[in-house]
1. In the chain, how many lysine pairs have Cα atoms under 17 Å apart, counting only pairs 8 or more places apart or on different chains?
2. Mind giving me the FRET efficiency for Lys27 and Ser75? R0 is 41 Å, r the Cβ-Cβ distance, nearest 0.05 is fine.
3. Order by neighbour count: Met93, Met73, fewest other Cβ atoms within 10 Å first, most last.
4. Quote the relative contact order of the chain in percent (integer), defining contacts as alpha-carbon pairs under 8 Å separated by 6+ residues.
5. Could you work out Rg/(2.2 N^0.38 Å) for the chain, with Rg from alpha carbons only?
6. With a Förster radius of 22 Å, plug the Cβ-Cβ distance of Glu90 and Thr37 into 1/(1 + (r/R0)^6) and report the FRET value to the nearest 0.05.
7. Among Glu45, Glu137, what is the fewest-to-most ranking by other Cβ atoms within 10 Å?
8. Report, in whole Å, the centroid distance computed from the Cα atoms of the stretch 1-69 and the stretch 94-133.
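Derivation of every value follows stated rules applied to the coordinates shown; laboratory data play no part. Note that this is a predicted model, so its numbers are computed, not measured. Glycine gets a Cβ as well: all are built from the backbone with ideal geometry, and neighbour counts include every protein chain shown.
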Amino acid sequence: MKKAETNNLLHALRSTHKVDHYLKINKSYLLDTDLATELNRIIDEKGRTKADVLRSAEINEIYGYQILSGKRMPSRDKLLCLGLSLQCSEEEMQFLLKLAQIAPLYPKRTRDSIILFGLLHQQTVPEVNEELLAHHEDLISEHVPRPVNNAQE
């Protein structure tokens with residue numbers, strides 16, 4: 001897939017009279033991958049194993065392999081966990097969300113800001129969950145961080 005500005009594609013789409021014509025002319029600019037293929041590409045590119053990625057994403061292995069094979073579509077939170085596990089850049093994460101047709105991370109939302117911060121600073125799923133918990137936001141995985149006990153025993 002070649003890169004094209006979305007606004008340019010929208011302009012072309014608005015000015016065309018036949019969708020077939022638009023699709024033919026702009027074929028090389030349209031998405032040519034799916035979520036499972038892209039996730040597997042990133043896993044390979046980063047030299048990780050699927051099992052390791054799923055473990056650090058805190059995703060059940062069976063469900064995770066269904067996502068990675070394209071048999072299941074992840075929820076937004078599960079996809080965010082995978083992105084954190086893979087230490088995706090902000091751009092990679094937003095692209096994965098677009099491929100899954102899921103709302104992108106939006107920095108005007110408190111919860112999304114915390115998750116974006118975690119991505120930008122390569123935090124783990126438990127570290128992001130701790131921040132979410134501290135700010136009374138919903139966690140991205142079922143894992144509940146343990147409270148820190150500073151009391152002397």
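1. Within the chain, the lysine pair count is 10.
2. Values: r = 31 Å, r/R0 = 0.76.
Efficiency for this residue pair is about 0.85.
3. Numbers: Met93 22, Met73 14.
The order, fewest Cβ neighbours first, is Met73, Met93.
4. Numbers: 141 pairs, mean separation 27.4, N = 153.
The normalised contact order for the chain reaches 18 percent.
5. Working: Rg = 18.6 Å, N = 153, 2.2 N^0.38 = 14.9 Å.
The value comes to 1.25.
6. Numbers: r = 21 Å, r/R0 = 0.94.
Between Glu90 and Thr37 the formula returns 0.60.
7. Listed from fewest to most nearby Cβ atoms, that is Glu45, Glu137.
8. Result: 19 Å between the Cα centres.
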